[in-house]
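One structure is given here, and the rest of the page talks about it.
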Amino acid sequence: MSSRLYKEYKKNIVPALIKEYGYKNAMEVPKLEKVVVNVGYGRHVKDKAYVDNVEETIKLITGQKPIHNKAKKSISNFKIREGMNVGASVTLRGKKMYDFVDKLVSVTLPRVRDFRGINPKSFDEQGNYTIGFKENIAFPEIDTDAVDNIHGLEVVVCTSAENKKEAKTLLEKLGFPFKKK
């Protein structure tokens with residue numbers, strides 16, 4: 001694996017986290033496990049052109065073909081039947097994951113309109129972090145002139161951290177720009 005961010009993690013971040021938290025072994029240090037990019041179709045679930053557009057967008061952003069997520073149960077108020085495609089997602093691991101996170105932190109987040117930092121409260125209890133984007137045009141691969149439909153997407157960064165504090169420290173050292181209080 002020869003990602004710039006991975007080399008930075010191994011060379012500088014692991015020793016810093018060992019020193020800060022007093023880990024006995026480098027294998028105890030929290031690391032990135034996977035990144036999931038997810039888009040729900042919402043009210044456009046029956047619009048084939050919209051679904052194809054979302055699929056193409058995810059493919060451009062991540063470099064992988066997305067899988068379609070199916071509804072687990074029927075919800076009559078939303079006109080959704082069990083087994084119907086309700087979203088698309090991609091799971092990134094390894095080199096692609098580190099390349100994506102590097103691009104996310106250094107290129108994509110600064111391109112977000114009115115960006116003032118990401119919310120430090122978006123961690124779950126297992127140390128995973130979720131970022132929601134209202135517009136897909138923040139990603140550099142998306143040509144803003146050729147976009148028909150602007151849609152949102154969600155990026156979940158899964159870590160091996162035991163708690164929120166360790167996960168936040170890891171992501172700060174990886175370059176995530178959290179809001180200052």
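The values are calculated or read from the model by the stated rules, or taken from the named source; none is laboratory data. Just so you know, these numbers come straight off a predicted model, no measurement behind them. Counting neighbours? That spans all protein chains shown, and the Cβs are built from the backbone with ideal geometry, glycine included.
General remarks:
- Qualifying residue in the stretch 35-52 (condition: part of a loop (DSSP other than H, G, I, E, B), loosely packed, with under 14 Cβ neighbours inside 10 Å and not charged (D, E, K, R)): no
- Meets criteria (under 22 Å from I61 (Cβ atoms), loosely packed, with under 15 Cβ neighbours inside 10 Å and hydroxyl-bearing (S, T, Y)) for T159: no
- Set side by side, the residues V39, V51, V90 differ, and just one is over 23 Å from N12 (Cα atoms), modelled with pLDDT under 85 and either in contact with a strand residue (DSSP E or B) (Cβ under 9 Å, 6 or more places away or on another chain) or not basic (K, R) (or both), which is V51.
- Scanning the stretch 150-181 for residues being more than 23 Å from K11 (Cβ to Cβ), modelled with pLDDT of 85 or more and of a type in the set (A, V, I, L, M) gives a total of 3.
- Hey, E154 surrounded by 12 or more Cβ atoms within 10 Å (Cβ to Cβ), within 17 Å of the chain's Cα centre (by Cα) and not in a loop (DSSP other than H, G, I, E, B) or not: yes
- Of the numbered criteria (1) in contact (Cβ under 8 Å) with a residue 40 or more places away in the chain; (2) surrounded by fewer than 19 Cβ atoms within 10 Å (Cβ to Cβ); (3) within 19 Å of D52 (Cα to Cα), the one D143 fails is (1).
- Residue satisfying all of: in the stretch 81-139; buried (at least 17 other Cβ atoms within 10 Å of the Cβ) and small (G, A, S); nearest to the chain's Cα centre (by Cα) among these: S89
Results for (1) assigned to a strand (DSSP E or B); (2) out of contact with any Lys or Arg (no Cβ under 9 Å at 6 or more places or on another chain); (3) within 18 Å of L174 (Cα to Cα); (4) free of Cβ contacts under 8 Å to residues at least 12 places away in the same chain, shown as yes or no for each residue.
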position	(1), (2), (3), (4)
S89	yes, yes, no, no
M97	no, no, yes, no
K103	no, yes, yes, no
L109	no, yes, yes, no
R113	no, no, no, no
P120	no, no, yes, no
E125	no, no, no, no
I131	yes, yes, yes, no
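- Subset of the stretch 68-116 (residues that are under 30 Å from K7 (Cα atoms) and in contact with a Ser or Thr (Cβ under 7 Å, 6 or more places away or on another chain)): V90, L92, K95, Y98, D99, F100, D102
- Scan of the stretch 56-80 for residues that are without any contact (Cβ under 8 Å) to a residue 12 or more places away in the chain, surrounded by 12 or more Cβ atoms within 10 Å (Cβ to Cβ) and more than 18 Å from H151 (Cβ to Cβ), ordered by number: S74, I75
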